[in-house]
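J.: Here it is, the structure, as structure tokens.
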Amino acid sequence: MSNASNRWHNIDQLLDRVLDGLHSEEDSRQLNDILRTDVEACRRYVAYMELHGRLTWGDGIRAGAERGTSGEELVGGGRGMAGSPAIDGEEGFGIRDSGFGIQSSGSLSVGAAVEHPVGAAVEHPVGAAVELPNQLDPEPQIPESRTPNPEPPFPTLSTTHYPLPTSDFVGSWAFSCMVATVIMGVMLLVFWAMKVTHHQHIAEAPSQSVPSETMPEMVFFGRITGMVDVKWSDDPYFLPPLSSRAYVPLGRKYILNSGLLEITYDSGAKVILEGPCTYEVESTAGGYLALGKLTAKVEAVKGKGSRSKVQGSRSKAEPSSFILHPSSLFSVRTPTAVITDLGTEFGVDVSDEGNTESRVFRGSVKVQVVGGTGLASGTPREVILRKNESARVEGGDELRITMLVASAKTADFTRRIPKVTYKMLDLVDVVAGGDGFSGRRNRGIDPTNGQADAMTPKDTGPEAWFHGDGKYHRVEALPLVDGVFIPDGGKDAVQVDSAGNTFAGFPDTTSKTWKPVWAGGKLPIDQSSRATLGGIDYAATPHCLLFMHANNGITFDLEAIRRANPGCKLLRFRAVAGNSSEVMYDPNGTRVIADLWVLVDGQVRFERREINGYSGAFSVSISIGDNDRFLTLATTDGGNQGMYGDWTMFGDPRLDLMQVDANEPKDKRGGD
């Protein structure tokens, strides 16, 4: 008989004894331990109890019919669940060959209450939220057959809930009454929802119109046509667009902390916003730039022309007294100026103080001064800027326009959304000696000395134990790997990278591990089937894995990875992690538990504590900032001084990279 068959046979025997009332305290403890940690056993428990209830209910009704007993008497008297009277023994109540191996009859009851699972997952926030562009969907797909640290997947069985017998219930008078009740309820709901015109409103002349507070119908003036590395504001009152191709409605405000966003108006005008930036769409022909940089380019659209009439007005929330005239050309309004298109491509930059700088790349614009109590001496109300000319409007009590000469320092503007390519750097390939893109496999690193040579049979054999010395070891042979270590928090804080960052949160471990840090391919053991997480075999192509038995640690040099991939931005680390073992207890009866850790510069970004093979697969997704230096992956034995069955690993560990085309630089001089 296979291990799986033995496992279910033992559980079924436990349930039989519980239902027969023959269980001992040891049986109750063992059943509780299994249901706390084994998701599949919980599902079997629910199915077992449901089947038992259905058979008991149906047999009871049939037996009562033979005796002439009413259904109400059976409902009131025949329930064999926890907390209820036992069912009188009758031949009709015997349960035979239910599919679970049940062979029971007579009084029925449930033993000890099932305890809730322990060990909640802990997520650690990152200092600043980092969002991926919508073009990239980095989250790996995890089958739903196993879920991490599940809530109890079975309901509390009580005396007030039994499944109805399908064979006797359907077609009965009770079933007919229920159907009629549902139909009547639906009809009442429909009539309640219908809007019926009041008789007083019929044939009356329309009254004089009065101002209404009803929100007007949303009008769209364009859509988003480009996004690069956008990080939206974390303002709780700001709602980012739902997609990278969302339509742009009147009054929509866009608040970027960083990145580039392109909006194309229906009139043909294109606006590129560069974060940090706050911009509100006020009409078909312009908007309000409160902060940041904007580049506008007016192009002809077939059938629409190069310019569009303004159909809206400025936002009431803004303090400026300027109102866009219905015949205006494309305009950008700021706290101190209005820049109006005269057939052009231009840039606008608004500082934190509200000062406005405008530069013309092609054509010309009109810059008008708005706000303030007056103009400084000699300052005109408006100026015309032509190709390669710039001006600055400075606020205060007296506004001032300053023409900038060609040598003056002006803001850089992004005139085109650059072409972006996304890459996935394979960390398994890096550990195996590659650059992250060569697909190398089946090599390991000795965690006690950092040697990355080919592993010998002794290094991968059944007695391949590695004892830690409490030190951090550099991996000189692999330029993208910083070092390795064996974590043991019982002695002191553990050094986790070559910069000297330490972490004091590891548990007190045995300070030894089994097997090296292994880059697979196949595991360095005979039972390759144990490389399965969430129903996916990560030892099989096209998948890969980092096998890190409990008490192993490896750190990657993010700065070295940036140098090896010029022009690329590191976005995110992602993987599927878990324990691939199917063992719940070691030979001494100790529960199998292990821990998973992900650190960045010595700070924990992800952890899962006290997991085993029945905890499921975990999706790991960690944002990588521009200033992050080291990425550390580590595993520990849960602090119970036991390592049996701690087959922890990271499946498909990747770094997401974004590469911006070097031929699309920012324009610093503005001319063509």
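The values are calculated or read from the model by the stated rules, or taken from the named source; none is laboratory data. Everything quoted here is computed from the prediction, not taken from an experiment. Methodologically, a virtual Cβ is constructed for each residue, glycine included, from the backbone with ideal geometry; neighbour enumeration extends over all protein chains shown. What goes into the accessible areas is simple: the full protein's heavy atoms, side chains included, and nothing from ligands, DNA or RNA. Shrake-Rupley method; radii C 1.70, N 1.55, O 1.52, S 1.80 Å.
J.: Whole-Hz ³J(HN,Hα) for each residue in region 392-402, computed from phi via Karplus 6.51 cos²θ - 1.76 cosθ + 1.60 with θ = phi - 60°, x for glycine and proline: what do you get?
T.: 10, 10, 10, x, x, 5, 10, 6, 9, 9, 10
J.: Please compute the modelled spin-label separation between A477 and S243, points set 7 Å along Cα→Cβ, answer in nm with one decimal.
T.: In this crude spin-label approximation the distance works out to 5.0 nm.
J.: Next question. Take the cross-link list K522/K569; K293/K366; K423/K491 and give me the ones stretching past 29 Å between alpha-carbons.
T.: Working: K522/K569 31 Å; K293/K366 18 Å; K423/K491 41 Å.
Beyond 29 Å: K522/K569; K423/K491.
J.: Taking amide H positions as placed in the peptide plane 1.01 Å from N, state which residues far from V604 in sequence (5 or more) or on other chains have amide H under 5 Å from it.
T.: Excluding prolines and chain starts, which carry no amide H, there are no hits.
J.: Could I ask something else about it? Keeping every protein chain in place, order H23, H52 by accessible area at 1.4 Å, biggest value first, i.e. largest first. Let's see the in-between values first.
T.: Details: H23 55, H52 0 Å².
The ordering from most to least exposed comes out as H23, H52.
J.: State the Cα centre-to-centre distance between region 473-518 and region 584-632 in whole Å.
T.: 14
J.: Can I ask one more? Evaluate E = 1/(1 + (r/R0)^6) for D435 and W465, where r is the Cβ-Cβ distance and R0 equals 25 Å; express this FRET efficiency to the nearest 0.05.
T.: Numbers: r = 32 Å, r/R0 = 1.27.
About 0.20, to the nearest 0.05.
J.: To continue, here is another question. Assuming R0 = 41 Å, what is the FRET efficiency of S619 and K419, from their Cβ-Cβ distance, to the nearest 0.05? It would help to have the intermediate numbers written out before the result.
T.: Details: r = 30 Å, r/R0 = 0.73.
E between S619 and K419, to the nearest 0.05, is 0.85.
J.: How much accessible area does E463 have with a 1.4 Å probe, in Å² rounded to the nearest 10?
T.: Answer for E463: close to 140 Å² accessible.
J.: Also, quick follow-up: Taking R0 as 35 Å, what's the FRET efficiency between R563 and A493 from their Cβ-Cβ distance, rounded to 0.05?
T.: 0.75
J.: So what does R43 come to for accessible area, using a 1.4 Å probe and Å² rounded to 10?
T.: Surface open to solvent at R43 totals about 100 Å².
J.: In addition: Provide the solvent-accessible area of S438, counting protein heavy atoms only and rolling a 1.4 Å probe, rounded to the nearest 10 Å².
T.: Only protein atoms counted, so the area is about 60 Å².
J.: Now, a different point. Distance in nm between label sites at D397 and V179, each 7 Å beyond Cα in the beta-carbon direction?
T.: 8.6
J.: Separate question: In sequence order, what are the phi-derived ³J(HN,Hα) couplings for region 647-656 according to the Karplus relation 6.51 cos²θ - 1.76 cosθ + 1.60 with θ = phi - 60°, rounded to whole Hz, with x for glycine and proline?
T.: Residue by residue, region 647-656 yields 8, 7, 7, 10, x, 6, x, 9, 10, 7 Hz.
J.: Go through region 631-643 residue by residue and turn each phi into a ³J(HN,Hα) via Karplus (6.51, -1.76, 1.60, θ = phi - 60°); whole Hz please, and just put x for glycine and proline.
T.: 10, 10, 10, 8, 9, 9, 8, x, x, 9, 6, x, 10
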